[in-house]
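Notes follow the structure.
The values are calculated or read from the model by the stated rules, or taken from the named source; none is laboratory data. Here the structure is a predicted model, which means the values were calculated and not measured. Virtual Cβ from ideal backbone geometry, glycine too; neighbours counted across all protein chains shown. Keep in mind that these areas ignore ligands, DNA and RNA; they rest on the heavy atoms of the full protein, side chains included. Shrake-Rupley method; radii C 1.70, N 1.55, O 1.52, S 1.80 Å.
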Amino acid sequence: MGIIHIYVGEYASYRSGGYAYEFRAVFIQFTLYNSNVELFTSLTFLLEFLSTTSIYPTVRLKPINFSTFTSISQLICTILYMIMIIYLMIIEIRLSFKEK
């Protein structure tokens, strides 16, 4: 079947397709790395299109700093998180090539 992602916006909750009742959404997600401060930042841009032809933008930033771990469990969880991001990115790339 596949993985279903649910993303909660300001006006609706969206599944993998980006559609909800009377709403549409466009997602742009990426991760940035700043080597000067060893900081990863996960960014999600969301544009919600309502049925009233209004557009509502939302930006979410999630910083991850690898030098602030206080326990080995935090390090393991972060490594698993990065592996999951890479895995989901590979799935999305494969799906985008299948659609073409």
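Side notes on the structure shown:
- Cβ separations smaller than 6 Å between residues 6+ apart or across chains give the following pairs from segment 27-42 residues that are touching a residue at least 12 places away in the same chain (Cβ under 8 Å) to residues that are of a type in the set (D, E, K, R): 42/62.
- Every pair of residues 6+ apart whose Cβ atoms lie under 7 Å, when the first sits in segment 80-100 and is outside any helix (DSSP H, G or I) while the second is hydrophobic (A, V, I, L, M, F, W, C) and surrounded by 12 or more Cβ atoms within 10 Å (Cβ to Cβ): none
- Listed by position, the strands (runs of 3 or more DSSP E) enclosed by segment 1-71 that each have at least 2 residues that are open to solvent by less than 50 Å² (accessible area, probe 1.4 Å) and at pLDDT 85 or above are 39-50.
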